[in-house]
């Protein structure tokens with residue numbers, strides 16, 4: 001590979017990584033903020049209050065225009081699984097990244 005091509009190629013990788021790191025930092029900051037509230041969501045999902053809200057929804061006691069995905073057992077289950085998988089992926093990415101530093 002010619003020197004000019006090599007430098008240009010490495011410059012492109014550097015720029016891509018700078019963009020990726022910046023975007024990931026923004027996403028991670030937003031995710032971390034959400035994590036602080038996630039515990040409240042899990043506590044709610046496992047509570048009698050959730051069950052009362054679920055039953056009220058089933059009985060048609062909640063407004064039709066109210067968003068209520070949180071009362072969907074499938075939606076909550078999917079979120080919990082996706083969250084766990086994401087944390088595992090983050091650990092794997094961190095391990096791989098730390099090996100190259």
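Here are some notes:
- Most fluctuating residue given options 11, 58, 85, as computed from a GNM of the chain linking Cα atoms under 10 Å: 11
- Each helix, a run of at least 4 DSSP H residues, gives -39500 (n - 2.57); summed and divided by the residues of the chain, these come to -29000 deg cm²/dmol at 222 nm.
- Whole-angstrom gap from segment 70-101 to segment 1-53, using each part's C-alpha centre: 11 Å
- Top of 18, 35, 49 by mean-square fluctuation, Gaussian network on the chain, Cα under 10 Å: 18
- Which label in [x] 25, 14, 12; [y] 45, 15, 11; [z] 21, 17, 11 gives the computed semi-axes √(5λ) of the Cα gyration tensor in Å: [y]
- Cut-off 14 Å, label 7 Å out along Cα→Cβ of residue 35, residues of segment 85-101 by amide N: 85-95
- Residues considered: 88, 80, 42. Largest GNM mean-square fluctuation over the chain, using C-alpha springs under 10 Å, is found at 88.
- Label point 7 Å beyond Cα of residue 27 along Cβ direction - residues of segment 66-101 with amide nitrogen under 18 Å: 79-98
Where a number appears in this text, it was derived from the coordinates with a stated rule and is not lab data. It should be emphasised that the depicted structure is a prediction, and the values quoted were computed from it without experimental measurement. A quick note on method: Cβ atoms are made from the backbone with ideal geometry, for glycine too, and the neighbour counts reach across all protein chains shown.
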